[in-house]
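**Q** Pasting a structure below so you can have a look.
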Number of protein chains: 4
Amino acid sequence: MNDTPVERLGWLGTGAMGSVMAAALLKGGADLLVWNRTAAKAAPLAGQGATVVGSIADLTEASVVFVMVSTSADLLAVTTGENGLLSGPRRPEVIVDCSTVSAEASAEVREAAAAAGVGFLAAPISGNPHMVADGKSAIVASGPRETFDRVAPWLGTISPTVVHAGPDEQSRLVKICHNLLLGMITQALAEVTILAEKGGVAPEAFVDFINGSVLGSTFIRHKGRAMVERDYTPTFNNKMLRKDFDLGLGAARSLEVPMPVSAMVHQLVQTAIGHGFAERDYAALYEVEAKAAGLRDN
Amino acid sequence: MNDTPVERLGWLGTGAMGSVMAAALLKGGADLLVWNRTAAKAAPLAGQGATVVGSIADLTEASVVFVMVSTSADLLAVTTGENGLLSGPRRPEVIVDCSTVSAEASAEVREAAAAAGVGFLAAPISGNPHMVADGKSAIVASGPRETFDRVAPWLGTISPTVVHAGPDEQSRLVKICHNLLLGMITQALAEVTILAEKGGVAPEAFVDFINGSVLGSTFIRHKGRAMVERDYTPTFNNKMLRKDFDLGLGAARSLEVPMPVSAMVHQLVQTAIGHGFAERDYAALYEVEAKAAGLRDN
Amino acid sequence: MNDTPVERLGWLGTGAMGSVMAAALLKGGADLLVWNRTAAKAAPLAGQGATVVGSIADLTEASVVFVMVSTSADLLAVTTGENGLLSGPRRPEVIVDCSTVSAEASAEVREAAAAAGVGFLAAPISGNPHMVADGKSAIVASGPRETFDRVAPWLGTISPTVVHAGPDEQSRLVKICHNLLLGMITQALAEVTILAEKGGVAPEAFVDFINGSVLGSTFIRHKGRAMVERDYTPTFNNKMLRKDFDLGLGAARSLEVPMPVSAMVHQLVQTAIGHGFAERDYAALYEVEAKAAGLRDN
Amino acid sequence: MNDTPVERLGWLGTGAMGSVMAAALLKGGADLLVWNRTAAKAAPLAGQGATVVGSIADLTEASVVFVMVSTSADLLAVTTGENGLLSGPRRPEVIVDCSTVSAEASAEVREAAAAAGVGFLAAPISGNPHMVADGKSAIVASGPRETFDRVAPWLGTISPTVVHAGPDEQSRLVKICHNLLLGMITQALAEVTILAEKGGVAPEAFVDFINGSVLGSTFIRHKGRAMVERDYTPTFNNKMLRKDFDLGLGAARSLEVPMPVSAMVHQLVQTAIGHGFAERDYAALYEVEAKAAGLRDN
């Protein structure tokens, strides 16, 4: 980032994820203003060079404000809401939303920002705080190309992978596609692990081999371990995954794309719910597969 | 490998893959005898410290002989055949077969070895020569536990991942399971990439994001690039993949394991063949998906 | 119908289907008032003993009025609309809607009828006019049990099969389930007919055998003939069938019922659309199957 | 059959099915010789005009001999075996095998018959004895066209539907295709019946409507009743159906025909077996579907 001039940036939302992302901007050389509803959570960033401010309005001194909040409602509140980023006389040039929100909320904020002369980039991130800290996350952004180019160097201080998906809400679609893959790969892994198991191979050995092979990925490592330990403590439960498949297959229907394997896995997730795993992690697809193979008591 | 005593080993088969694996054993400290049908191909290993011998019989001076040949017939010829490893009065303690051969051929050699008082380990490797050289391959072995323990340190000089799958032909089943995963993940990737594409996302951007995410793997990087470039130059063609699905679903039928997604992908590979992609790389599942989505001329 | 007292009934809508149904009521002994927007179409029924009336209001002299119109909008117009059955001071006791309309429109009319003290029965019919004339149709009705019992004898003069599906809009769900079956059986028939064909069996001979077997049905006879003749003149096109699958899988999702084969056929209908058969009869699933089997030029 | 000259025919095998078929030939005007291993079972046919003979050799006085036995081994025994139809100096012109045997056994007998100058027709029948008696069965035959034409009038006295499928073993393939349809339609019916049931429709009412509709068939009537009564007393159990799917998908693989729905149902039958229904009627697919929908205790 040597050739990036020192720029005053803003960060709104310093939960676990927001904090580690903001820290990356600081390491990347930013002059950073931060705000959080619960101010105490922003304090550690001060130790890393950030300036904690007292109101959202104070963030508008920055040219670019990044937002990382929990829900669609939160995003609307801190942007279009009373005392939001777009409510006062002074505004940032660009708002970059890194939260995972609905395409509808995203489009609503984008429109309000445009009306206020503010650029908007939807830039959800894939990964958890540990992965961001380890430089293993990825960001997919959508919005006007020039807005993307404007902030891409800063996003690059957070994630080694930053891609531009399109001019409006494409990044939301990409995130859903990503989650369809999570479900499909989990079912695929469940099928072959049970096959190997019934053929006499210890699941641990099988999963270790897959992880060491060309197929190895952070995801397979995590999901494989959950299967081996039959630990279905939810990181993301079957109802949540079903929701993403509802969205993904809805998009596929609108765009007229047949998705045979996605549709099949959607039904298998529903089957897992019917078998009592609604609130369990979707690694429980492994358990449903095991029952179907006659491996567990039904 | 500091505490592994210098042991005389043998290597049979120095094609592209065998050569790089033998080189790893040399780097690991082995005193290595090598033999190849075409002697010229064994010569470079001499420069790395190996002793090139003139006959298979000469390899039996070694305690452990590794075999890396192309086909089931080759494996039978160099072991149970006339002048094979098991044909003379002197024999190695253990034969380790790293080739990818049928479970039937493997069982036949295992039986003949046992009758001759020789241990046998089926130890296929996942990866290509470049990946082995970069320390990114994986080995799955099956055979008696003590035989595995006997040679595991040497296998560890070749691959960072070495697992024991079971007492007899389980490593062959694991390799097939691995290949079922290759097919399923490719179809899954084809579906979501086309969905994203029809939704306005450039395939390159989409695949880059997936590779940067938790799902990123060597395999997805390679297959994703083939899709983006619509380059179906075969690394493994649809007929070969269909063969592995035939074997995998045959094993699943014998073991009574329902495999809904595997069965579906088997039919989609057949569909790709029906659409003229028999001899093309199975990344062409992407092309069939595109046609089904109305994206290409039919 | 010997013990059914002569009752004054009303019939609204005398298109091809309505006419043959009204004629069945007349044959069953009804004293029938009929009305149609285009009066000329009602005239033939006068020759069979009906009394043609000049306004919808005249129909309210009848105790039970049957409605057979084309669309949800038509149903709303002739019931809740200005000059509709529910608009004046005199009303029938029961309205029986035999049209195929949306569950939403049905519920709206049901509610308006209830508010006006009028019973409502949703009673869609399966079959075409020829089949109704031949006594081969079926009616599925939903509404309060006593309303059903009140009119079931009259419905029995139209169709040999009259069933009560539930207290409100269940008959609409049943009709959608029926249509899911149409799609699934067509795909199933396409798969086996192509298999037989590639095995050397003439499609005509194959379909004739199936029709003569325990599986034979009016539907398979019609769809089988379309496949044999490769005649995809639409009776119901792929977009219409996709619509019903949208509704059926939507209902399945709401009710949390996994439908693996239905979901698969939904995707195959989408594939047929992607291959250019959107406006063709869904018997064209046979054509897509043939292409996938390499039997037609791609 | 007025213009068919009285011809001497032979019948071998008078179990429940053979007896009713032989009776149809007698009614059709045949001069019939009958033989059965247990002679007592042939006696009732004598009362209907048949001549019971004492040995298989006696049947060779007939020009055409029909065979209806239980297994492939039985067929081989009574034809190519010692004292079989092909063993003596006198032979019939044509042997018509109506049994359900393997394509291999069929081909073996066909070859032996050809070597002996005897025509052979493989002519399995669909239906049970009651259906044959009621004139509701169907016969699919394969063998040389002229052999078929030679005996078709007689087959027509047994079944209203008699089709010629091809010159050799095609009738066996057709029978398997028929059985694939049985499985697919049963799964389809299970899905929609559970959907209707969860939507508040009594399964009886639903199945009655389907039976009265264009989809109604003898098969759906029987299978629908089994589902409604949750009576899985086997007529054909899941292991038998899986066997036919093994054969059907094996044929599809050899002929290179993708069968997505067939493949899916194959896996669902395997799932039913995994859930404990191996020896139950395949109507139990309904039970597995119900469990997946959360309708039964798991």
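**Q** Only one of B:Val69, B:Val65, B:Val94 is touching a Pro at 6+ places or on another chain (Cβ under 6 Å) and either within 19 Å of B:Leu155 (Cα to Cα) or polar (S, T, N, Q) (or both). Can you tell me which?
**A** Criteria check complete, one pass: B:Val65.
**Q** Here is a follow-up. Being touching a residue at least 12 places away in the same chain (Cβ under 8 Å), touching a Lys or Arg at 6+ places or on another chain (Cβ under 9 Å) and either aromatic (Phe, Trp, Tyr) or in a helix (DSSP H, G or I) (or both), is that true of even one residue in the range C:17-31?
**A** yes
**Q** Could you say which residue among B:Leu285, B:Leu295 is under 30 Å from A:Ile139 (Cβ atoms), of a type in the set (A, V, I, L, M) and assigned to a loop (DSSP other than H, G, I, E, B)?
**A** When all the criteria are applied, what remains is B:Leu295.
**Q** A further question on this structure: In the range C:196-206, what residues are within 32 Å of the chain's Cα centre (by Cα) and buried (at least 24 other Cβ atoms within 10 Å of the Cβ)?
**A** Hit for the range C:196-206 is C:Phe206, nothing else.
**Q** While we're looking at this one, here's another question. Residue under question is C:Gly294, and the condition is that it be free of Cβ contacts under 8 Å to residues at least 12 places away in the same chain, within 13 Å of chain B (Cβ to nearest Cβ) and of a type outside the set (Phe, Trp, Tyr); does it hold?
**A** Answer is yes for this residue.
**Q** Restricting to the range C:231-258, count the residues that are without any contact (Cβ under 8 Å) to a residue 40 or more places away in the chain and not in a helix (DSSP H, G or I).
**A** Qualifying residue count for the region: 3.
**Q** Test D:Val96 against the criterion of being in a strand (DSSP E or B) and either assigned by TED's automatic domain parsing to the domain that holds D:Val132 or free of Cβ contacts under 8 Å to residues at least 60 places away in the same chain (or both), and give yes or no.
**A** yes
**Q** Considering only residues that are hydrophobic (A, V, I, L, M, F, W, C) and within 8 Å of another protein chain (Cβ to nearest Cβ), look in the range B:126-138 and name the one that is nearest to B:Thr14 (Cα to Cα).
**A** Restricting to residues being hydrophobic (A, V, I, L, M, F, W, C) and within 8 Å of another protein chain (Cβ to nearest Cβ), the top hit is B:Met131.
**Q** Among A:Leu249, A:Leu189, A:Leu268, which is the only one that is buried (at least 22 other Cβ atoms within 10 Å of the Cβ) and closer than 20 Å to B:Leu182 by Cα?
**A** Of A:Leu249, A:Leu189, A:Leu268, the one residue that is buried (at least 22 other Cβ atoms within 10 Å of the Cβ) and closer than 20 Å to B:Leu182 by Cα is A:Leu189.
**Q** Then there is this: Please determine, by comparing only the residues of the range D:242-288 that are within 18 Å of A:Gly274 (Cβ to Cβ) and among the β-branched types (Val, Ile, Thr), which one is farthest from the other protein chains (Cβ to nearest Cβ).
**A** Looking at the filtered set, the residue picked out is D:Val288.
**Q** Any idea which of (1) closer than 30 Å to D:Leu182 by Cα; (2) in a loop (DSSP other than H, G, I, E, B) is the one C:Asp168 doesn't satisfy?
**A** (1)
Residue-wise test of (1) assigned to a loop (DSSP other than H, G, I, E, B); (2) free of Cβ contacts under 8 Å to residues at least 40 places away in the same chain; (3) aliphatic (A, V, I, L, M); (4) over 20 Å from B:Lys175 (Cβ atoms).
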{"residue": "B:Leu33", "(1), (2), (3), (4)": "no, yes, yes, yes"}
{"residue": "B:Arg37", "(1), (2), (3), (4)": "yes, yes, no, yes"}
{"residue": "B:Ala57", "(1), (2), (3), (4)": "no, yes, yes, yes"}
{"residue": "B:Phe66", "(1), (2), (3), (4)": "no, no, no, no"}
{"residue": "B:Ser70", "(1), (2), (3), (4)": "yes, no, no, no"}
{"residue": "B:Gly81", "(1), (2), (3), (4)": "yes, yes, no, yes"}
{"residue": "B:Gly88", "(1), (2), (3), (4)": "yes, yes, no, yes"}
{"residue": "B:Pro92", "(1), (2), (3), (4)": "yes, no, no, yes"}
{"residue": "B:Glu108", "(1), (2), (3), (4)": "no, yes, no, no"}
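**Q** Looking at the range D:110-145, which of its residues are charged (D, E, K, R), more than 29 Å from C:Ser217 (Cβ to Cβ) and without any contact (Cβ under 8 Å) to a residue 12 or more places away in the chain?
**A** D:Glu111
**Q** Criterion first (farther than 23 Å from C:Ile125 by Cα, more than 7 Å from every other protein chain (Cβ to nearest Cβ) and in contact (Cβ under 8 Å) with a residue 24 or more places away in the chain) does D:Met227 satisfy it?
**A** Criteria met by D:Met227.
**Q** Here's something else I'd like to know. Collect the residues in the range A:190-202 that are within 7 Å of chain B (Cβ to nearest Cβ) and either in a helix (DSSP H, G or I) or over 30 Å from B:Gly143 (Cβ atoms) (or both), keeping them in residue-number order.
**A** Across the range A:190-202, the qualifying residues are A:Glu191, A:Val192, A:Ile194, A:Leu195, A:Ala196, A:Lys198.
**Q** So B:Met184 clears everything in (1) touching a residue at least 40 places away in the same chain (Cβ under 8 Å); (2) more than 9 Å from chain A (Cβ to nearest Cβ); (3) under 17 Å from A:Ile210 (Cα atoms) except one condition, right? Which one?
**A** All conditions pass for B:Met184, except number (2).
**Q** Cβ-Cβ distance below 8 Å, separation of 6 or more or different chains: which pairs start in the range C:153-174 with a residue that is more than 7 Å from chain D (Cβ to nearest Cβ) and end on one that is surrounded by fewer than 24 Cβ atoms within 10 Å (Cβ to Cβ) and assigned to a strand (DSSP E or B)?
**A** C:Trp154/C:Val64
**Q** Moving on. Quick check on my filter: what residues within the range C:212-230 are assigned to a helix (DSSP H, G or I) and over 19 Å from the mean Cα position of the chain (by Cα)?
**A** Of everything in the range C:212-230, those that are assigned to a helix (DSSP H, G or I) and over 19 Å from the mean Cα position of the chain (by Cα) turn out to be C:Gly212, C:Gly224, C:Arg225, C:Ala226, C:Met227, C:Val228.
**Q** Sticking with this structure for a sec: Assess whether B:Gly212 counts as being over 24 Å from A:Tyr286 (Cα atoms) and touching a strand residue (DSSP E or B) at 6+ places or on another chain (Cβ under 6 Å).
**A** So B:Gly212 fits the description; yes.
The values are calculated or read from the model by the stated rules, or taken from the named source; none is laboratory data. The structure presented is a predicted model; accordingly, all values stated were derived computationally and were not measured. All Cβ positions, glycine included, derive from the backbone under ideal geometry; neighbour counts span all protein chains shown.
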